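Have a look at the structure below before the remarks.
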Amino acid sequence: DADIAQLLADIKGNGINTNGSEEYTITDSQGNTRVVRWNRPDIIDIYVTYELDVSSSYDVSFNDTIKDTLEDYSDTLSEGKDILRWQLESLIPMSMNDNILDVNVKFAKTVTPTTNTAITITPTEKARILRSNIVINTTEV
């Protein structure tokens, strides 16, 4: 919080008040204390289910690689960034694993996703995909 407050104090002009539900008191270069306020985004948990058609040679340990990739992607999401089907599908590194033959992804704000319709994230929200919210089902074809 101290770093956030200091950054906001450094970039805003003198005499401009800050607003928000979070606050932190800083001491400026003249020794004066000032309260700096800001808002944190609302965290929106996203649940993802991958349905993979795989060959008989598919190594299920590759599911961990997929989950790692999705977690890394989640860490890059900024406020207001929508969740789109093509982005989640493109995270499956099929080129790294010839044994993945087809990918279908479903995602939602609910525990059991049933659709692949885009999820709108507002500018005051930030999507988060936790490893525990990722399910990978494989079907050998």
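Report the gain in length on full extension from Lys12 to Asn137: 0.36 nm times residue separation, minus Cα-Cα distance, nm rounded to one decimal.
That pair, Lys12 and Asn137, stretches by 40.1 nm at full extension.
Could you give the accessible area per residue of segment 1-116, probe 1.4 Å, as a whole number in Å²?
Using a 1.4 Å probe on heavy atoms only, each residue of segment 1-116 averages 60 Å².
Could you give the length gained by full extension between Arg37 and Ile4, i.e. 0.36 nm per residue of separation minus their alpha carbon distance, to one decimal place?
Separation in residues times 0.36 nm, less the Cα-Cα distance, equals 10.9 nm.
Simple spin-label model, 7 Å along Cα-to-Cβ: Lys81 to Asn19 in nm?
Those two pseudo-labels are separated by 2.7 nm.
Please report the carbon-and-sulfur percent of the accessible area for the chain; probe 1.4 Å, protein heavy atoms only, DNA, RNA and ligands left out.
Of all accessible area on the chain, carbon and sulfur atoms account for 46 percent.
Roughly what % antiparallel, to the nearest 5, for the DSSP beta bridges in the chain?
DSSP beta bridges in the chain are roughly 60 percent antiparallel.
Between segment 1-54 and segment 82-115, what is the C-alpha centre distance in whole Å?
Result: 32 Å between the Cα centres.
The values are calculated or read from the model by the stated rules, or taken from the named source; none is laboratory data. In this text the structure is predicted, and so the values were computed from the model without any measurement. Virtual Cβ from ideal backbone geometry, glycine too; neighbours counted across all protein chains shown. For accessibility, only protein heavy atoms count, side chains too; no ligands or nucleic acids. Shrake-Rupley method; radii C 1.70, N 1.55, O 1.52, S 1.80 Å.
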